[in-house]
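Structure record follows, encoded as structure tokens.
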Amino acid sequence: MAKVYTRSGDKGTCKVFGGDRLDKDHPRVECLGAFDEANSSIGVLRVKLGLEHEWQDALLRIQTDMMNMMSHIATPSEHTERNKKPLPDDGAQMCETWMDDMESKMTEGSDFFLLPGGNEVSAQCHVIRTQVRKAERRLATLAKQDTVNEIIQKYINRMSDLFFLMARFEMDQKGIAEDKWKAFRKAK
């Protein structure tokens, strides 16, 4: 079995697809780290939900999609043609369909900014939502330096909305009142 450690990153660099070595605070590496953090938190959510929960299959698909997207994020544009990992071209639509289904089953909408929390599952969904938003910001930074596939940008944007709605859905289905912070200001 190969060793986990390589010692090649001891000087603050890491290797990305194509063989380039980048500083560990390079936008590409920061973006990968943010995606990895969110993906790990989705794993925590899956454990909290239990194996029989109705969200398991979709969350597993999201985790797999995130790994494939990370492969593409790790690939500088000059090496894109060498990356054969599939991109989830229906990921944004999958999130929208899931959100539409949850919204159709919810008893109440919200005109308020909400405080994260409620119960353990809802709170974990909010943690993931914020981590996905961070990943989206890191992706935007990377996109200023190199080409980022539009599929990834759309999917990650919908994903943060999805986890927000999952948090709300959990509260709604468990009959737990959401902690409202402040009403939305209506556009004139």
Hey, H79 surrounded by 13 or more Cβ atoms within 10 Å (Cβ to Cβ), of a type outside the set (A, V, I, L, M, F, W, C) and in contact (Cβ under 8 Å) with a residue 60 or more places away in the chain or not: yes
First in region 43-64 and open to solvent by 70 Å² or more (accessible area, probe 1.4 Å), second anywhere and in a helix (DSSP H, G or I) and polar (S, T, N, Q), Cβ under 8 Å, 6 or more apart: K48/Q124
Residue list for region 22-42, restricted to those being open to solvent by 80 Å² or more (accessible area, probe 1.4 Å) and either β-branched (V, I, T) or in contact with a strand residue (DSSP E or B) (Cβ under 7 Å, 6 or more places away or on another chain) (or both): D23, K24
Within region 1-57, considering residues that are among the small types (G, A, S) and more than 27 Å from E120 (Cα to Cα), the one modelled with the highest pLDDT: G12
Among (1) in a helix (DSSP H, G or I); (2) open to solvent by 70 Å² or more (accessible area, probe 1.4 Å); (3) in contact with a helix residue (DSSP H, G or I) (Cβ under 9 Å, 6 or more places away or on another chain), the one test that S104 misses: (3)
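The values are calculated or read from the model by the stated rules, or taken from the named source; none is laboratory data. Bear in mind that the values here come from a model prediction, so they are computed numbers and not experimental data. All Cβ positions, glycine included, derive from the backbone under ideal geometry; neighbour counts span all protein chains shown. Quick note on the areas: whole protein, heavy atoms, side chains included, nothing else; ligands and nucleic acids left out. Shrake-Rupley method; radii C 1.70, N 1.55, O 1.52, S 1.80 Å.
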